[in-house]
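Below: one structure, written as structure tokens.
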Amino acid sequence: MVAPLLLVFCGAQHEESPLPDSGDNPLELRPQPWQRRASPVLSADTTQQSWSSKMLYSPTVVHVDGVFKMWYVGSEGDYAAEHGVLNIGYAESEDGIQWREYAGNPILLAKDLPFATDYQTPFVLFDEEERVYKMWFISMYLDDQRMDQMLGYATSSDGIDWSIHPQPIYWSGRSPSVIKEGPDRYRMWMNSRPSPETDDMDLYGYIYEFASSDGIEWERGGEPMIVPSGKAHEGVIYPYVLKEEDAFRIWYGAYDESDTRFHLFSATSKNGSDWMLRHDGEAFSAHGDPRSFDAKYVSTPWVLSLEDRYLLYYSARDYRTVETGNIYQHIGLAEIPKPE
């Protein structure tokens, strides 16, 4: 029996808020002082696995029993990249930097989805109490008439063999970010369309908060938490939420004012519902150097808080976007040492 779902959503913060005192927390600075690595940790350019040799992006990373584990999206060939035939692969690492791609990749095939044509933006949570991996992902159905982006769900005992829920669990979404706060309390932040009547692309401009008692049945807050403003003037996309002792922090992507590069913005909240927006400046910018793998886009953020540092994994596009079909081909890594 699922416990009754009790939801309390606070008001959303849409206006620019006074800048907080940064104190000793580097995450309150703009830009945040991320130290990016010069080369991607995984790339379609360097992989030896054909399934992700055209497109490779959207990392979701957990640190379990001393091992870093990553799930990510990939495709091979022009047709797959342009028409959404995207599968999910898996990799492991001892240090979070050097990654071994699983020999049995891809572990989740788009052709096996019972209700969609491909996978997008997976999010994996390791449930410490249940010792189970739980994945929320976007299941995209794409044909000549329509494009539906729906929330899917799967579970696994080892992170490799997954049991997929037979139906989508929410009708509209992009890039779920989930926290389990108790046995019967899940919270999620995700892009979503305001209503079924709105355009397919409208979901890229609204980030909502959701709540659930079991991770499957979700209720959405009435108003979007974050909408475009300031320098984040077109779209607010790919949210990732980190809960710390003193605050919730969210990262998400948006175009800059010139519409040429895509950056990461960040906001802070005491309760995960009322956000102090910082659209005055980017938290982490696309590099800009034409020779860099992340010159054009930095996107789909994933932040791990370790004992001594923060790690930021992100998807990246270089300046070959016209040649490559305007797709993501790299996963980058940056870090911030924590104050002593």
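Structure data summary
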| item | result |
| --- | --- |
| Output for region 277-318, where each listed residue is closer than 30 Å to residue 54 by Cβ and of a type in the set (Phe, Trp, Tyr) | 284, 293, 297, 302, 313, 314 |
| Count - residues of region 42-61 that are over 15 Å from residue 102 (Cβ atoms) and not aromatic (Phe, Trp, Tyr) | 8 |
| Of the criteria (1) surrounded by 23 or more Cβ atoms within 10 Å (Cβ to Cβ); (2) under 26 Å from residue 179 (Cα atoms), which one residue 294 fails | (2) |
| Strands (runs of 3 or more DSSP E) contained in region 281-340 and holding at least 2 residues touching a Phe, Trp or Tyr at 6+ places or on another chain (Cβ under 9 Å), among the polar types (S, T, N, Q) and within 22 Å of residue 243 (Cα to Cα) | 297-305 |
| Considering residues of region 176-231 that are under 20 Å from residue 129 (Cα atoms), among the polar types (S, T, N, Q) and under 20 Å from the mean Cα position of the chain (by Cα) only, the residue surrounded by the fewest Cβ atoms within 10 Å (Cβ to Cβ) | 212 |
| Top-ranked residue of region 181-202 - restricted to ones that are out of contact with any strand residue (DSSP E or B) (no Cβ under 8 Å at 6 or more places or on another chain) and in a helix (DSSP H, G or I), ranked as modelled with the lowest pLDDT | 201 |
| Members of region 107-136 that are of a type in the set (Ser, Thr, Tyr) and more than 14 Å from residue 188 (Cβ to Cβ) | 117, 119, 133 |
| Unique residue being at pLDDT below 95 and crowded, with 19+ Cβ neighbours inside 10 Å when the list is 78, 118, 112 | 118 |
| Count of region 195-223 residues which are farther than 13 Å from residue 178 by Cα and of a type in the set (Phe, Trp, Tyr) | 2 |
| Scope region 55-70; condition under 13 Å from residue 106 (Cβ atoms) and assigned to a loop (DSSP other than H, G, I, E, B); matching residues | none |
| Answer from 95, 45 - the residue that is part of a loop (DSSP other than H, G, I, E, B) and without any contact (Cβ under 8 Å) to a residue 60 or more places away in the chain | 95 |
| Residue list for region 236-275, filter: among the hydroxyl-bearing types (Ser, Thr, Tyr) and within 15 Å of the chain's Cα centre (by Cα) | 238, 240, 252, 266 |
| Test set (1) of a type outside the set (Asp, Glu); (2) part of a loop (DSSP other than H, G, I, E, B); (3) in contact with a strand residue (DSSP E or B) (Cβ under 8 Å, 6 or more places away or on another chain); (4) under 28 Å from residue 285 (Cα atoms) - residue 39 fails condition number | (3) |
| Verdict on residue 299 being touching a residue at least 40 places away in the same chain (Cβ under 8 Å), among the hydroxyl-bearing types (Ser, Thr, Tyr), buried (at least 17 other Cβ atoms within 10 Å of the Cβ) and over 21 Å from residue 35 (Cβ atoms) | no |
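Conditions tested, residue by residue: (1) touching a strand residue (DSSP E or B) at 6+ places or on another chain (Cβ under 9 Å); (2) at pLDDT 95 or above; (3) within 26 Å of residue 42 (Cα to Cα).
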position	(1), (2), (3)
108	yes, yes, yes
129	yes, no, no
144	no, no, no
169	yes, yes, no
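The values are calculated or read from the model by the stated rules, or taken from the named source; none is laboratory data. Here the structure is a predicted model, which means the values were calculated and not measured. As a convention, Cβ positions derive from the backbone with ideal geometry for all residues, glycine included, and neighbour counts pool all protein chains shown.
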